[in-house]
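Below: one structure, written as structure tokens.
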Amino acid sequence: MSARLVLFDLDNTLLAGDSDFEWAQFLIEQGVVDREVYEAHNLNFLRDYQAGTLDIHSFPDFQLKPLSRHPRAQLADWHCEFMKQKIRPLIRSTARALVERHRGDLRVVITATNSFVTEPIAREFGIAELIATDPEERDGEFTGKVRGTPCFREGKVTRLEAWLAQRGGALSDYSESWFYSDSHNDLPLLERVSHPVAVDPDTALRARAERGGWPIISLNP
């Protein structure tokens, strides 16, 4: 087992944008959902997330339930095109270099965004391990509900602890642990690791990082 654990937030950290937001915009552009209704809600959810007030239970209902009427093969095809159009342009060489710097460590993407959207993105970075909000499925279709604890705010700590326990360990087993994030929403987990790193942080996270002497880095070229 690697003695070093490295956690990466995804949206606005490894990615130069928000995959949740971009997925919704992609569905609008494909004509899958109604632009007038969906776009306004998408913007509101993004603002709520940035403000730290996102209802993590209502967001999957907005994002995933409309897809329940489409076959999973169709969703997979859309996701391939989504990666091409929306995600790969948001992947900077600096982010890839950061991930590569931790080769040999146990690397994990840990994100509030659901696993349907994010699993292929984690693979794109060469990261095999993903902890994400899990959408509930029934008979192979999304219900629009969350399965288990959402991977958001304090929920990220809960989900990480459960994931480590499944591997027979705990955070304390690692001699060093990193968490790279841009958001004040991730402060509960940032406070738990031995190496919290603020990446192009929002105002609240920057203030906390400065008070604590945490590294502040930028992945913007």
Revision key, fill the gap. Cα-based Rg then Dmax for the stretch 1-117, in Å, read 15.7, 50
Practice item. Name the lysines eligible as straight-distance cross-link partners of K156: C-alpha to C-alpha under 25 Å, and not fewer than 8 places from it in the same chain. Key: K65, K145
**Study point:** Theoretical FRET efficiency, 1/(1+(r/R0)^6), r = Cβ-Cβ of R167 and D61, R0 41 Å, to 0.05
**Key:** 0.85
Exercise for review: Express in Å², to the nearest 10, the accessible area of F152 obtained by rolling a 1.4 Å probe over the protein heavy atoms while all chains stay in place.
Suggested key: 20
Exercise for review: Determine the gain in length on full extension of the stretch T149-E119; use 0.36 nm per residue of separation and subtract their C-alpha separation, reporting nm with one decimal.
Suggested key: 9.0 nm
**Study point:** Protein-only accessible surface order, largest first, of Y180, Y49 at 1.4 Å
**Key:** Y49, Y180
Point to revise | K145 accessible area, assembled protein chains, probe 1.4 Å, Å² | key: 100
Study note, to complete from the structure: Nearest-0.05 FRET efficiency for R101 and R192 at R0 = 25 Å, using Cβ-Cβ distance, is 0.70
Revision key, fill the gap. In deg cm²/dmol, rounded to the nearest 500, the helical mean residue ellipticity at 222 nm of the chain, built from -39500 (n - 2.57) for every DSSP H run of length 4 or more, is -12500 deg cm²/dmol
Exercise for review: Find how many whole Å separate the alpha carbon centroid of the stretch 146-190 from the alpha carbon centroid of the stretch 1-24.
Suggested key: 13
Exercise for review: Consider the candidate values [x] 57; [y] 66; [z] 50; state which one is percent of Cα pairs over 22 Å apart computed from the structure displayed.
Suggested key: [z]
Check your understanding: Within a Cβ distance under 13 Å of I91, other residues only, what is the Lys/Arg minus Asp/Glu net charge?
Key -> +2
Study note, to complete from the structure: The equivalent-ellipsoid semi-axes of the stretch 110-216, taken as the square roots of five times the Cα gyration tensor eigenvalues and listed largest first in whole Å, are 26, 17, 13
Revision key, fill the gap. Expressed in nanometres to one decimal, the distance between label points 7 Å along Cα→Cβ at V37 and R88 is 3.4
Revision key, fill the gap. For the D48, R138 Cβ pair and Förster radius 22 Å, calculated FRET efficiency rounded to 0.05 is 0.25
Review point. Ignoring ligands and nucleic acids, what accessible area does R4 show with a 1.4 Å probe (Å², nearest 10)?
Key: 80
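The values are calculated or read from the model by the stated rules, or taken from the named source; none is laboratory data. Computed from a predicted structure; not experimentally measured. Note that we place each Cβ from the backbone using ideal geometry, even for glycine, and neighbour counts take in every protein chain shown. What goes into the accessible areas is simple: the full protein's heavy atoms, side chains included, and nothing from ligands, DNA or RNA. Shrake-Rupley method; radii C 1.70, N 1.55, O 1.52, S 1.80 Å.
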